[in-house]
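K.L.:
Got a structure here, written out as structure tokens. Questions coming.
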Amino acid sequence: MKPLYEQIYESLKQDIKSAKYEVGDQVPSEKELSTYYNVSTITTKKALEKLANEGLVYRKRGRGTFVAENTSEVDHVKKDLTSEKLLFGLVLTGFDESFGNDLIASLEEASLDKGFIILRRSLSIPSREDKVIRELLEYGIDGLIIIPAKAEHYSLEILKMVVNKFPLVLIDRSFKRLAATTVSTDNKQAAKMGIDHLFDLGHENIGVLIPKDNDTTAIYDRINGIMEAFAEKKIVVNRELWCSDIKSPHPTDGDLKKDIETIKNHLRENPEITALFALEYNIALLAKRAVEQLNLMVPEDISILCFDSPPRNTLESNFTHIEQDEEVIGRLAISKLIEMQKGDFTIEDIHVPAKLVIGDSTKKLDR
């Protein structure tokens with residue numbers, strides 16, 4: 001049996017040939033076809049795109065799809081279609097100055113001559129993510145870049161896109177049984193690099209601060225990198241020094257106070273800790289405040305290292321941190337979407353190297 005989009009394509013093609021839809025007539029929209037055939041808008045979009053590629057219809061964004069002249073003007077229609085800029089959807093869990101702003105800037109720059117981007121946030125809420133994806137597809141996007149809300153369970157909307165070969169790139173996440181292209185930081189290598197830096201400074205009693213919502217592949221890979229670094233140095237990992245009760249990623253003011261108290265209690269219970277590795281920048285900020293409230297100093301008493309840290313002026317603290325290359329991640333994501341638009345759906349799991357940036361929050365351990 002032919003794919004559903006092929007069946008819809010052939011039905012519409014027959015309607016055009018039989019003059020049910022005449023030259024200049026508007027054919028049903030993706031949403032109308034989706035309702036009529038009880039299929040996803042991804043499927044109907046592919047059917048309309050195939051008609052457009054053959055010059056039988058032409059599409060005007062925001063207005064609809066219309067029957068083209070079946071004459072020499074077909075070539076002109078095709079030329080217009082290929083010169084039309086693409087429209088990409090971008091769904092992030094959230095963004096701030098530590099991670100997300102540079103990614104958005106990179107995506108905007110990489111797509112400048114190729115198309116436009118519509119940005120939406122899921123706030124890590126699966127139901128909101130599904131709603132946003134459906135709305136973007138109904139609007140007529142040509143491809144989607146997304147940081148999924150959850151890592152353990154992908155949404156039905158994401159599965160539909162993969163099954164229907166809709167141009168899709170996942171950022172900072174991957175799913176074991178989902179054949180989708182991903183672009184992310186090499187989090188395992190990055191975390192290992194961070195721990196090695198602390199080892200070089202003489203720290204072995206390292207507290208790792210992990211967000212409570214830690215089921216993402218990024219956090220999972222960072223933890224694996226930490227474990228590997230300890231193993232290579234033949235240093236025993238003391239998981240008692242780790243804390244994973246910190247609210248993330250959108251804490252309230254009340255949660256912030258609780259998180260600071262949680263870190264303070266953790267330090268009181270484990271006075272042997274000489275360094276903290278925060279797996280997220282916002283946690284590093286909480287850790288610094290907790291250390292100071294205990295009348296200790298960073299880095300004189302406790303060193304702090306984290307992932308990402310926005311640029312600071314000379315009057316503010318600049319964390320030693322692992323810097324993710326958001327510019328490269330964004331450029332690669334756009335490049336992969338363009339390739340998919342051209343029909344190349346080769347699945348890739350791309351890992352972008354990170355780098356260590358030395359700040360003023362770590363120092364050599366005094367023996």
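K.L.:
Quick check: pseudo-label points 7 Å beyond the Cα along Cα→Cβ at Q7 and K85, how many nm apart are they?
P.N.:
3.8
K.L.:
Which residue, P28, I158, G89, has the largest displacement toward the positive end of the dipole of the chain when charges sit on each Cβ (Lys, Arg +1; Asp, Glu -1)?
P.N.:
Of the options given, the answer is P28.
K.L.:
Taking 8 Å as the Cα distance limit and 6 or more residues as the minimum spacing, I'd like the relative contact order of the chain as a percentage. Please list the in-between numbers first.
P.N.:
Values: 633 pairs, mean separation 57.6, N = 367.
After rounding, I find 16 percent.
K.L.:
Given a 1.4 Å probe, how much area per residue of the chain is accessible, in Å²?
P.N.:
Working: 18380 Å² over 367 residues.
Accessible area per residue, the chain: 50 Å².
K.L.:
Heads up, I need the accessible area for D366: 1.4 angstrom probe, whole protein in place, Å², nearest 10.
P.N.:
Only protein atoms counted, so the area is about 120 Å².
K.L.:
Between K258 and R134, how many nm apart are label points set 7 Å from Cα along the C-beta direction?
P.N.:
Computed distance between label sites K258 and R134 equals 3.1 nm.
K.L.:
Something else about it: Once phi is turned into θ = phi - 60°, what whole-Hz ³J(HN,Hα) does the Karplus curve with 6.51, -1.76 and 1.60 give for every residue of the stretch 87-94, x standing for Gly and Pro?
P.N.:
With the stated coefficients, the stretch 87-94 comes to 10, 10, x, 10, 10, 10, 5, x Hz.
K.L.:
Putting +1 on Lys and Arg Cβ atoms and -1 on Asp and Glu Cβ atoms, find which of G207, A229, L170 reaches farthest to the positive end of the dipole of the stretch 158-301.
P.N.:
The residue sitting farthest along the positive end of the dipole is L170.
K.L.:
I need to check one value: relative contact order of the stretch 232-306, counting alpha carbon pairs closer than 8 Å and at least 6 residues apart, in percent. If you can, show how the numbers build up before the last one.
P.N.:
Values: 65 pairs, mean separation 21.6, N = 75.
That works out to 29 percent.
K.L.:
Largest first, how would E49, E30, E240 line up by accessible area (1.4 Å probe)?
P.N.:
On the way: E49 55, E30 15, E240 135 Å².
Largest accessible area first, the list is E240, E49, E30.
K.L.:
Once amide H atoms are placed 1.01 Å from N in the peptide plane, what residues at a sequence separation of 5 or more from D25, or on another chain, have their amide H within under 5 Å of its amide H?
P.N.:
HN-HN under 5 Å from D25: V67.
K.L.:
Still on this structure: Of the accessible area of the chain, with the probe set at 1.4 angstrom, what percent is carbon plus sulfur? List each step's numbers first, then the result.
P.N.:
Values: 8970 of 18380 Å².
Here it works out to 49 percent.
K.L.:
Please report, in debye to the nearest 20, how large the charge dipole of the chain is about its Cα centre when each Lys and Arg carries +1 at its beta carbon and each Asp and Glu carries -1 there.
P.N.:
That gives a dipole near 840 debye.
K.L.:
Follow-up. Counting only residues 5 or more places away or on other chains, whose amide H sits under 5 Å from the amide H of D245 once H atoms are built in the peptide plane?
P.N.:
It is I210, by chain and number.
K.L.:
Here is a further query. In sequence order, what are the phi-derived ³J(HN,Hα) couplings for the stretch 177-185 according to the Karplus relation 6.51 cos²θ - 1.76 cosθ + 1.60 with θ = phi - 60°, rounded to whole Hz, with x for glycine and proline?
P.N.:
Working through the residues one at a time gives 10, 10, 7, 10, 6, 10, 10, 8, 5 Hz.
K.L.:
Still on this structure, please answer the following. Please say if the stretch 166-219 is rounded, prolate or oblate, where rounded means a/c under 1.5 for a ≥ b ≥ c the square roots of the C-alpha gyration tensor eigenvalues, and otherwise the choice is prolate for a/b larger than b/c and oblate otherwise? Could you put the intermediate results ahead of the total?
P.N.:
Numbers: a/c = 4.22, a/b = 2.32, b/c = 1.82.
Judged from the Cα gyration tensor, the stretch 166-219 comes out prolate (a/c at least 1.5, a/b above b/c).
K.L.:
Between D349 and E32, what FRET efficiency follows from the Cβ-Cβ distance if R0 is 45 Å, with the result rounded to 0.05?
P.N.:
For D349 and E32, the calculated efficiency is 0.75.
K.L.:
Once you have a ≥ b ≥ c as the square roots of the Cα gyration tensor eigenvalues for the chain, tell me rounded if a/c is under 1.5, and otherwise prolate or oblate according to whether a/b is larger than b/c.
P.N.:
On the way: a/c = 2.97, a/b = 2.79, b/c = 1.06.
Cα axes put the chain in the prolate bin.
K.L.:
Another question, then. Straight-line reach from K288: which lysines have a Cα under 26 Å away, not including same-chain ones fewer than 8 places off?
P.N.:
Partners found: K188, K192, K212, K247, K257, K258, K264, K355, K363, K364.
K.L.:
Let me ask something additional. Near the amide H of D142, under 5 Å away, which other amide H atoms are found, from residues 5 or more places off or on another chain, if H is placed in the peptide plane?
P.N.:
Those qualifying (amide H under 5 Å, at least 5 residues apart or on another chain) are L87, F88, G89.
K.L.:
Shifting gears a bit: Kindly work out what percent of the DSSP beta bridges joining two residues of the chain are antiparallel, to the nearest 5. Don't skip to the answer; put the middle values down first.
P.N.:
Numbers: 9 of 44 bridges.
Antiparallel bridges: around 20 percent, rounded to the nearest 5.
K.L.:
Hey, another quick one. Could you work out the relative contact order of the stretch 172-230? I mean the mean sequence separation of Cα pairs under 8 Å and 6+ apart, divided by the number of residues, in percent. All intermediate terms of the calculation are to be shown ahead of the outcome.
P.N.:
On the way: 48 pairs, mean separation 29.2, N = 59.
Result for the stretch 172-230 is 50 percent.
K.L.:
Follow-up question, since we're still on this one. In straight Cα distance, which lysines are under 18 Å from K85, not counting same-chain residues fewer than 8 positions off?
P.N.:
Straight-distance partners of K85: K45, K46, K50, K60, K114, K336, K342.
K.L.:
Now, a different point. Run the helix sum for the chain: -39,500 (n - 2.57) per DSSP H stretch of 4+ residues, divided by residue count, reported at 222 nm to the nearest 500 deg cm²/dmol. Walk me through the numbers on the way to the answer.
P.N.:
Details: 12 runs with 154 residues, N = 367.
Per the formula, -13500 deg cm²/dmol.
K.L.:
By a straight-distance test (C-alpha under 16 Å), which aspartates and glutamates pair with K234 as possible cross-link partners, with residues fewer than eight away in the same chain excluded?
P.N.:
D196, D200, E204
K.L.:
In addition: With a Förster radius of 25 Å, plug the Cβ-Cβ distance of K342 and R120 into 1/(1 + (r/R0)^6) and report the FRET value to the nearest 0.05.
P.N.:
On the way: r = 25 Å, r/R0 = 1.02.
Efficiency for this residue pair is about 0.45.
The values are calculated or read from the model by the stated rules, or taken from the named source; none is laboratory data. Please read these numbers as outputs of a predicted model, since none were measured by experiment. Ideal geometry is used to build each Cβ from the backbone, glycine not excepted, and the neighbour counts take in all protein chains shown. Keep in mind that these areas ignore ligands, DNA and RNA; they rest on the heavy atoms of the full protein, side chains included. Shrake-Rupley method; radii C 1.70, N 1.55, O 1.52, S 1.80 Å.
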